[in-house]
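The values are calculated or read from the model by the stated rules, or taken from the named source; none is laboratory data. This one's a predicted model, so the numbers in the text were calculated from it and none came from an experiment. A quick note on method: Cβ atoms are made from the backbone with ideal geometry, for glycine too, and the neighbour counts reach across all protein chains shown.
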Amino acid sequence: MTVNGQVSFWQASLGPNPPRPALPGPTEADVCVVGAGYTGLWTAWALRRARPDLRVVVLEADHVGFGASGRNGGWLSGLMPGNRELMAAGPAGRTGVVGLQQALHRAVDDVLGACAEEGIGADQVKGGTLAVASTPAQLRRLRAHLATERSWGVGPDDAWELDAAEVAERVAVPGVLGGVFNRHCARVHPAKLVRGLADAVERSGVEIFERTPVLRIGDHEAETLTGPVRASWVVRATEGYTAGLPGVRRQLLPMNSSMVVTEPLGDERWVQIGWEGCETLGTGAHAYLYAQRTADGRIALGGRGVAYRFGSGTDHRGATDEATVRELRAALAGLWPAAAGVRIAHAWCGVLGVARDWCPTVTADPHRGLAWAGGYVGDGVAASHLAGLTLADLVLGEDTERTRLAWVGHASRAWEPEPLRWIGARGLYAMYRAADRAEADGRTRTSPLAVVADRIAGR
Ligand SMILES: Cc1cc2nc3c(=O)[nH]c(=O)nc-3n(C[C@H](O)[C@H](O)[C@H](O)COP(=O)(O)OP(=O)(O)OC[C@H]3O[C@@H](n4cnc5c(N)ncnc54)[C@H](O)[C@@H]3O)c2cc1C
């Protein structure tokens, strides 16, 4: 039977989290971080490295890695989240956005370097990432996307086109017409990364309190059931869960993403599929798919599923709906017929944060003692490292290369109130799915439905 939920396969595969205490009562700190995912933990990590004298506390509603950081597809990628044109319209300009892209490329190696230094084993393999096209429209789109990327700091040594035979040398996906390879990506086990990071953060002297939901964040203060934490700075690192906090309910839309993982495929099937380089793999479809070959020989594959729940709702400990599991199973069989008969061991879902203009931000307001980061859309595993280090610089009042990156201080307008938000988000993904169907049925150019959806989304 397929396990559904239990936060994620990644979490379940490691067994229960080592328990940490809840916040015992009112507390004072130099910095209070809300949220124990990658953003919050990298912020705490960077703060203590720079200033070992600071008292840094992390407050987590559930447990370390409960959010997207313990549930994601494990693409530690330098891909740029967000709308570059919009970010380039800000004070950092085009050069700032190119700088951000290059910093994101470096972030992949920075995370791998930090893992080596801290002894974090997260099944990391830097095999790059591969986007494959199964229809002429997808191939055109991948080529056009690569051409656009060239003007945003992605050089010929960073990413390049592969023909069908070159894709097949890496991984056998029947019917593929070609693809694009980008070398700035590593496959990771997300929960091993977040748990290893939490241990490293604790070793550095940070206190992590679990089962401590923050009810409200105010100036220099985070309020909890057991009393306030007063601090010079409060860092909000709640990404897809931000809508649960008063005052910021419409800032980031919790977009759902669902995943399945197979049982180990066995050597015979792997001989047919190849994929020895462990590139992470996506497709050129509008309703996107992402996959990885896991260290223990499974395929983990994700996609959108139910895009959005009314009223910015989130899931119940990762349980996803049966229709999405069927959809992902069909997608898996379509990409790898050799894996069609393999049992789906586990299914789950999670939420990631999306701003109204699809752009991420790293922002600090020194007058209020508040800082926050998020809105990485689906590319937050490496970006959250860069964001965390940048938050630490901002909190320490330092002017660095990072604090001048294009996403620093970026402000997006709020999402529409319900029911417009629900209608918009659901309608958008219905359009992307219809566009994919039209292209699969022979349409050779991008469907106008997807073009309209991109305009509505501001992508
Ligand atoms: C299914 C899925 C697949 C994805 N795949 C990829 C991928 O392959 N590559 C990639 O780059 N990105 C991917 N992403 C996105 C990526 O995982 C996220 O961008 C990243 O993990 C965000 O980290 P975070 O620390 O900002 O947020 P989270 O990891 O979501 O952490 C937020 C934390 O805050 C806690 N919290 C929330 N509210 C409160 C409160 N009031 N009080 C206290 N604590 C609170 C939550 O419990 C949670 O632990 C994926 C996301 C999902 C859901």
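Only one of the numbered conditions (1) more than 16 Å from the ligand (Cβ to nearest atom); (2) over 30 Å from Val171 (Cα atoms); (3) part of a loop (DSSP other than H, G, I, E, B) is not met by His316, and that is (1). Checking Ala159, Ala114 one by one, the residue that is at pLDDT 95 or above and within 28 Å of Val451 (Cα to Cα) is Ala159 and no other. Just one of the listed residues (Asp379, Asp441, Asp399) is free of Cβ contacts under 8 Å to residues at least 12 places away in the same chain, surrounded by fewer than 23 Cβ atoms within 10 Å (Cβ to Cβ) and in the same structural domain as Gly67 (by TED's automatic domain parsing), namely Asp399. For the range 21-32, how many residues are out of contact with any Asp or Glu (no Cβ under 9 Å at 6 or more places or on another chain) and either among the charged types (D, E, K, R) or closer than 14 Å to Gly374 by Cβ (or both)? The qualifying residues number 1. All conditions but one from (1) within 10 Å of the ligand (Cβ to nearest atom); (2) closer than 17 Å to Val154 by Cα apply to Gly73; the one that does not is (2). Please determine, by comparing only the residues of the range 174-229 that are charged (D, E, K, R) and in contact with a Cys (Cβ under 9 Å, 6 or more places away or on another chain), which one is farthest from Leu130 (Cα to Cα). That would be Glu221. Taking the criterion of being within 16 Å of the ligand (Cβ to nearest atom) and farther than 25 Å from Arg20 by Cα, would at least one residue in the range 203-215 satisfy it? Checked against the condition, which is being within 16 Å of the ligand (Cβ to nearest atom) and farther than 25 Å from Arg20 by Cα, the range 203-215 yields no hits at all. Of the residues in the range 325-334, not one is modelled with pLDDT of 90 or more, crowded, with 19+ Cβ neighbours inside 10 Å and assigned to a strand (DSSP E or B).
Selection of the range 170-191 for residues being basic (Lys, Arg) and either closer than 19 Å to Ala107 by Cα or touching a helix residue (DSSP H, G or I) at 6+ places or on another chain (Cβ under 8 Å) (or both) yields Arg183, Arg187.
Among the candidates Thr262, Thr280, Thr238, Thr294, the residue that is under 30 Å from Gly127 (Cα atoms), outside the structural domain of Ala29 (by TED's automatic domain parsing), near the ligand (Cβ under 9 Å from one of its atoms) and in contact (Cβ under 8 Å) with a residue 24 or more places away in the chain is uniquely Thr280. Restricted to helices (runs of 4 or more DSSP H) entirely inside the range 118-215, those with at least 1 residues that are in contact with a Pro (Cβ under 9 Å, 6 or more places away or on another chain) and crowded, with 19+ Cβ neighbours inside 10 Å are 190-203.
Residues in the range 265-291 that are out of contact with any strand residue (DSSP E or B) (no Cβ under 9 Å at 6 or more places or on another chain) and under 18 Å from Arg187 (Cα atoms): 0 in all. Within the range 65-80, one or more residues are assigned to a loop (DSSP other than H, G, I, E, B), assigned by TED's automatic domain parsing to the domain that holds Pro24 and under 30 Å from Asp441 (Cβ atoms). The residues on offer are Asp123, Asp30, and the sole one that is farther than 22 Å from Trp407 by Cβ, touching a His at 6+ places or on another chain (Cβ under 8 Å) and away from the ligand (no atom under 13 Å from the Cβ) is Asp123. For the range 216-235, a residue qualifies if it is under 22 Å from Ala387 (Cβ atoms) and within 10 Å of the ligand (Cβ to nearest atom), and the qualifying residues are Ile217, Ala222. Restricting the range 1-16 to residues that are surrounded by fewer than 21 Cβ atoms within 10 Å (Cβ to Cβ) and touching a residue at least 40 places away in the same chain (Cβ under 8 Å), the residue that is farthest from Ser257 (Cα to Cα) is Leu14. Considering every residue within the range 170-191, establish whether at least one is modelled with pLDDT of 95 or more and closer than 18 Å to Glu60 by Cα. Yes, the conditions are met somewhere in the range 170-191. Screening the range 363-378 for residues that are at pLDDT 95 or above and within 11 Å of the ligand (Cβ to nearest atom) and picking the one that is nearest to Leu104 (Cα to Cα) gives Tyr376.
The test for being of a type in the set (Ser, Thr, Tyr), assigned by TED's automatic domain parsing to the domain that holds Ile217, surrounded by 21 or more Cβ atoms within 10 Å (Cβ to Cβ) and within 16 Å of the ligand (Cβ to nearest atom) holds for Thr390.
I'm checking my understanding of the structure. Among residues of the range 273-311 that are assigned to a loop (DSSP other than H, G, I, E, B) and among the β-branched types (Val, Ile, Thr), which one is modelled with the lowest pLDDT?
Filtering the range 273-311 for residues that are assigned to a loop (DSSP other than H, G, I, E, B) and among the β-branched types (Val, Ile, Thr), the one modelled with the lowest pLDDT comes out as Val306.
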